[in-house]
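A.B. asks: Here's a structure for you.
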Amino acid sequence: QVQLVESGGGMVQAGGSLRLSCAASESSFRFNAMGWYRQAPGKQRELVAVFTSGGSTNYGASVKGRFTISRDNAKNTVYLQMNSLKPEDTAVYYCWGGALLKGYWGQGTQVTVSS
């Protein structure tokens, strides 16, 4: 079964930047939609940014203007550039991919923003 593998998480000070990457384990497997969600302690998982199956991008309200999602179809990889990070961005970030009416999740990568 195809897997999604995230990388790039870590600890950064407020105002800093991080770039997350998510690659599919099978280069030939194509996702109709791909993106990022996050879950902070004690909170529900929420949308960060996603490429929809129609080709558009959606961002969570709290990250608009600070985060940018991009995609390399040749590498079957999606990226999340996070700028102007805030302590409230601290969460586990999960990569998600949708294909054939099925959703796939990565294992998650921790992002911690200190004040």
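The values are calculated or read from the model by the stated rules, or taken from the named source; none is laboratory data. Keep in mind that what you see is a predicted model, and the values were worked out from it rather than measured. For neighbour counting, all protein chains shown are included, and Cβ atoms are generated from backbone atoms with ideal geometry for every residue, glycine included. Surface accessibility is based on the protein's heavy atoms, side chains included, excluding ligands, DNA and RNA. Shrake-Rupley method; radii C 1.70, N 1.55, O 1.52, S 1.80 Å.
A.B. asks: What FRET efficiency do you get for GLN107 and LYS86 if R0 is 35 Å and r is their Cβ-Cβ distance, rounded to the nearest 0.05?
C.D. replies: 0.90
A.B. asks: Apply 1/(1 + (r/R0)^6) to the Cβ-Cβ distance of SER28 and THR52, taking R0 = 22 Å, and write down the FRET efficiency to the nearest 0.05.
C.D. replies: Here the calculated transfer efficiency is 0.50.
A.B. asks: May I pose another question? Taking the Cβ-Cβ separation of ARG19 and GLN44 as r and a Förster radius of 41 Å, what is the calculated FRET efficiency to the nearest 0.05?
C.D. replies: 0.95
A.B. asks: Further question: Between LYS86 and residues 5 or more places away or on another chain, which pairs have amide H atoms under 5 Å apart, with H built 1.01 Å from N, and which residues are they?
C.D. replies: GLY15
A.B. asks: Please list, ordered by chain and number, the residues whose modelled amide H lies under 5 Å from the amide H of THR77; skip anything fewer than 5 residues away on the same chain.
C.D. replies: ASP72
A.B. asks: Run the dipole for the chain about the Cα centre, Lys and Arg Cβ at +1, Asp and Glu Cβ at -1, nothing else charged, and hand back the magnitude in debye, nearest 20.
C.D. replies: So the dipole magnitude of the chain works out to roughly 140 debye.
A.B. asks: Can you give the accessible area per residue of the chain, in Å², using a 1.4 Å probe?
C.D. replies: Counting only protein heavy atoms, the per-residue value for the chain is 53 Å².
A.B. asks: Tell me, what is the percent relative contact order of the chain, built from C-alpha pairs under 8 Å that lie six or more residues apart?
C.D. replies: Computed value for the chain: 36 percent relative contact order.
A.B. asks: Can you pull the percent of region 59-112's accessible area that's carbon plus sulfur, 1.4 Å probe, other chains left in place?
C.D. replies: 53 percent
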